[in-house]
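First comes the structure, then the notes that go with it.
Values in this text are rule-based calculations from the coordinates and carry no lab data. None of these values were measured; they are calculated from a predicted model. Note that we place each Cβ from the backbone using ideal geometry, even for glycine, and neighbour counts take in every protein chain shown.
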Amino acid sequence: MIELKGVSFAYVKEDVIKDVNLLLGPGVTAIIGPNGSGKTTLLKLAAGIYRPRVGEVLIDGINPWSVPETVKTSIRRNVVYIHEEPIMLRGSVADNVAYGLRIRKLPADEVVIRTEEVLEVLGIKHLAHEKAQTLSAGQKQRVALARALAVRPKNLLLDEPTANLDRCGRETLMELVKDLVRKGVCIAIATHDRLLAFKLTDRVVFVENKTAIFVEGSGGRWLI
Amino acid sequence: MWQELTDIVVRSLLISGMATVLATSWGIPITMILTVKESKFRRALLDVANTLVAIPTVLIGLLLYLLFSRSGPLGFFGILYTPTSIALGEAILITPLIISLSASVLRETKTDIWEMAISIGATERQALVVMVTESLPKLLTAVLLGFNRAIGELGVALILGGNIKGLTRVMTTAIALEVSKGEFELALTLGGILLFVTFLVTVIVRKVGRDL
């Protein structure tokens, strides 16, 4: 669970996010808003990538910016943020998926098992030895998702996850999200895809004019 | 004749290579710190580095000459007119170039690789490592351009090395000497060799970079 309390953030001088109070709790939260409204910034603040100028971000009740570096990393490891444009490291798909596991210094055999497991789940096992940077945008999106799932995060933040996916990919993603929610993962999705939001989310956050309006309730009433 | 020519070519490669290693050993870490730590001085320091890229080589040569000459503050080192002084001078000459080029490479990587690494759970040190390893081919290009600048410069080598036969004579100072003697044909041949050697190093480094 991630909570933003009175958070403001500026890249240079002017705030792009101002006094946001938000709870990304169990289930799926959709973050909706026009281009440039601050959806991505909001997710990066929630992931502990950006430091708020004012206010605090609590990841599972702890502010990662007020604790020592080692604790900060362990707090951050409860959250994974996936970029809109998936970022691939040089090397194979399997190397990319295993990256999060290796930096956690898991035993080599467990790294292999978990990597194969998520590649299977996402239907990209046949790409395991391909160079990740040569894949299509949709395939990269799946690899990024696999890399995130491999580390079994408690909180998953997805930035426009369907942007590069075909219909089959979208359906796989939806099933995955439902499965993760059943397992207790808190998910936030920044999206323009209202159908995805309608089908999956329990609550929605509208981001506009540098702030966020929080609406509780499933069934997509807020989409009408 | 050929023996002397080979010596000059090898000496040039060694001195410029040493200068490149030195400049890389302090230039890249400085750039990494400037990139990762969002200091307000970052932009100003990069502006200084960009300006110093255009500094005349003779000016650096002169400043170091004043430092290393017997009556200068660092004269006790006794390195004036040695290959070491040329390497040091060339290292200082190419440092701004390496900083300037690698800064743009690392800046680009910071916004994607760094964030990706942090978001998947890397410590800042792990993120820094992956940021550098992912940038290696491009960083290598920055270093290579530094080497090319070092091997092709004249002012530092002439002022700090003194163009001493068998000790500090490198390709550019040899060319200058032949021109002053009116031996244009030999000077042009040396120029051709300089270009060919630089081309060869560029190709080798590019191939190495591709395999990294």
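List of remarks:
- Per residue, the convex hull around the alpha carbon atoms of the protein assembly as shown comes to 183 Å³.
- Dipole magnitude of segment A:36-185, debye to nearest 20 (Cβ charges: Lys/Arg +1, Asp/Glu -1, about Cα centre): 360
- Overall shape: prolate for segment A:1-125, with the ratio a/c of the largest to smallest alpha carbon gyration tensor axis at 1.5 or above and a/b above b/c.
- Sparsely packed trypsin sites (Lys or Arg not before Pro) within segment B:11-43, loop by DSSP, other Cβ within 10 Å at most 13: B:K37, B:K40
- Free of any GluC sites (Glu not before Pro) that DSSP assigns to a loop and that have at most 15 other C-beta atoms within 10 Å, the longest stretch within chain B is B:39-182.
- For the residues of B:120-133, the average number of beta carbons from a partner chain within 10 Å of their own beta carbon is 5.
- Overall form of segment B:2-211 per C-alpha gyration tensor (a/c, 1.5; a/b vs b/c): prolate
- Taking a ≥ b ≥ c as the square roots of the eigenvalues of the Cα gyration tensor, an a/c ratio of 1.5 or more together with a/b larger than b/c marks segment B:1-121 as prolate.
- Unit Cα scatterers, Debye sum, segment A:91-152: log10 I(q)/I(0) for q = 0.17, 0.19, 0.21 Å⁻¹: -0.45, -0.57, -0.69
- Charge sum, other residues only, whose C-beta stays under 11 Å from B:M116's C-beta, Lys/Arg counted +1 and Asp/Glu -1: -2
- Loop sites in segment A:82-114: trypsin sites (Lys or Arg not before Pro), DSSP, at most 12 other Cβ within 10 Å: A:K105
- The trypsin sites (Lys or Arg not before Pro) of segment B:56-161 that meet both conditions, a loop assignment by DSSP and at most 15 other Cβ atoms within 10 Å of the site Cβ, are B:R70.
- Couplings 3J(HN,Hα) for segment A:99-114, derived from phi with the Karplus relation 6.51 cos²θ - 1.76 cosθ + 1.60 (θ = phi - 60°), are 3, x, 6, 5, 5, 8, 6, 6, x, 4, 5, 5, 4, 5, 4, 5 Hz, where x marks Gly and Pro.
- Chain A - mean residue ellipticity at 222 nm from DSSP helices (-39,500 (n - 2.57) per run, n ≥ 4, rounded to 500): -10500 deg cm²/dmol
- Taking every Cα-Cα distance in chain A and sorting them into 5 Å bins starting at zero, the pair-distance distribution P(r) comes out as 1, 7, 15, 18, 20, 17, 12, 7, 3, 0 percent.
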